[in-house]
Amino acid sequence: MRIAILGGTGDIGEGLALRWGLDTDHKIIVGSRDPQKARQHATAYRERIREQGGESDIAGASNIDAVGGADVVLLSVPPEYVLETIETVAGSLSEDMVVVSPAVSMSRDDSGFHYEQPESSGSATAIAEEATPDGIPAVGAFHNISADRLTNLDTELDVDTVVVGDGKEAKYLVKKLADEIKGLRAIDGGDLANAPEVEGVTPLLINIAMNNEEMNHLGVRFQ
Ligand SMILES: NC(=O)c1ccc[n+]([C@@H]2O[C@H](COP(=O)([O-])OP(=O)(O)OC[C@H]3O[C@@H](n4cnc5c(N)ncnc54)[C@H](OP(=O)(O)O)[C@@H]3O)[C@@H](O)[C@H]2O)c1
C-alpha cells in the first residue's frame, strides 16, 4: 500500500509516518509544498525508525507528486487549508484512491479550546468529501489522537480512533490501516454525517489535558 501524507512535515503527519513506518511495510510518501523540506523530513523519519531497530520505506515529495500512484491520501494540513490542498492536487487524484481527513476546526479563548463546526459543510471531513472530485471517497479518521503521543515511539499508544465515512470499502481500508499501527484500535463511527461528533471530541481532550497535570497527550479508549 502506498500512503501519501500531505503536509507530512507537520505534527500528526510525522506521528503517523513514524508509526506506519515502524509497524508496517507500507510505502509512505511525505508530502509538502516544498519537496526539499519533504525529503529532509523523510530522511529524519527513517533515521528515527532505524534508532528503534526498524527499517522503513519513507520518501519525500511535493504534495502533487506524493499523490501520484498513492492508494491513500491523508490530508495532514491545518483545517483552513484542507480545501486549498485538495484543489492543488485534484489533477493527480483518481477514483481508486481514498482521501482521509484528520482535520478539526477549533477556536481558543481564555476558557480553552472550542469546536468550530464549519457552517457550510458541517464538518472538516465533509469539506474534504465535497472538495474531492466525484467518485473519490473521503473518510474521517485520526481526529482524537495526540501527535505527541504518536511521535513518542517509546510510548504505547493504547488509544482508539473513530473512522467515519459513506463509502464502505474506503472506510474498511482506512480502519485496516489504522489497526495496523500497534496500540491503535479503529472503531467504525458510522456515516460521514457523524463526523462533527467525532471532531468535537478533540477540543474536549485538549481541555482535559490542559487542566489536569498528569493527563498530557490524552486519547480515547471506548470500553
Ligand atoms: N497535532 C495534533 O495532535 C492533531 C491531532 C488530531 C488531528 N489533527 C489535525 O491534523 C491536521 C494537521 O495537524 P498538525 O498539527 O500536524 O498541523 P501542522 O503541524 O500545523 O501543519 C501540518 C503541515 O501543514 C502544512 N501547511 C501549513 N500551512 C499550509 C498552507 N497554507 N497550505 C498548505 N499546507 C500548509 C505544512 O507543511 P509544508 O509546509 O511542508 O507544506 C505543515 O507542516 C489538522 O487539520 C489538525 O486539525 C492534529
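For the range 1-33, enumerate the residues that are of a type in the set (D, E) and within 16 Å of the ligand (Cβ to nearest atom). Passing the criteria: D11, E14. Could you check, for the range 163-173, whether at least one of its residues is within 13 Å of the ligand (Cβ to nearest atom) and either at pLDDT 95 or above or outside any loop (DSSP other than H, G, I, E, B) (or both)? Checking the range 163-173: not a single residue is within 13 Å of the ligand (Cβ to nearest atom) and either at pLDDT 95 or above or outside any loop (DSSP other than H, G, I, E, B) (or both).
Of all residues in the range 103-111, none are at positive phi, more than 13 Å from the ligand (Cβ to nearest atom) and not acidic (D, E). Checking each residue in the range 85-117 for being aliphatic (A, V, I, L, M) and within 22 Å of L16 (Cβ to Cβ) picks out I86, V89, L93, M97, V98, V99, V100, A103, V104, M106. The condition (being more than 21 Å from L18 (Cβ to Cβ) and of a type in the set (D, E, K, R)) is satisfied by just one residue among E180, E129, E156: E129.
Just one of the numbered conditions (1) within 14 Å of A195 (Cβ to Cβ); (2) open to solvent by less than 40 Å² (accessible area, probe 1.4 Å) is not true of E116: (2).
Would you confirm whether any residue within the range 61-76 is within 24 Å of A195 (Cα to Cα), buried (at least 16 other Cβ atoms within 10 Å of the Cβ), within 13 Å of the ligand (Cβ to nearest atom) and among the small types (G, A, S)? Yes, the conditions are met somewhere in the range 61-76.
The values are calculated or read from the model by the stated rules, or taken from the named source; none is laboratory data. Just so it is clear, the structure is predicted and the values come from calculations on it, not from any experiment. Positions of Cβ are backbone-derived with ideal geometry, glycine not excepted, and every protein chain shown enters the neighbour counts. Heads up: the accessible areas ignore ligands, DNA and RNA and are worked out on the full protein's heavy atoms, side chains in. Shrake-Rupley method; radii C 1.70, N 1.55, O 1.52, S 1.80 Å.
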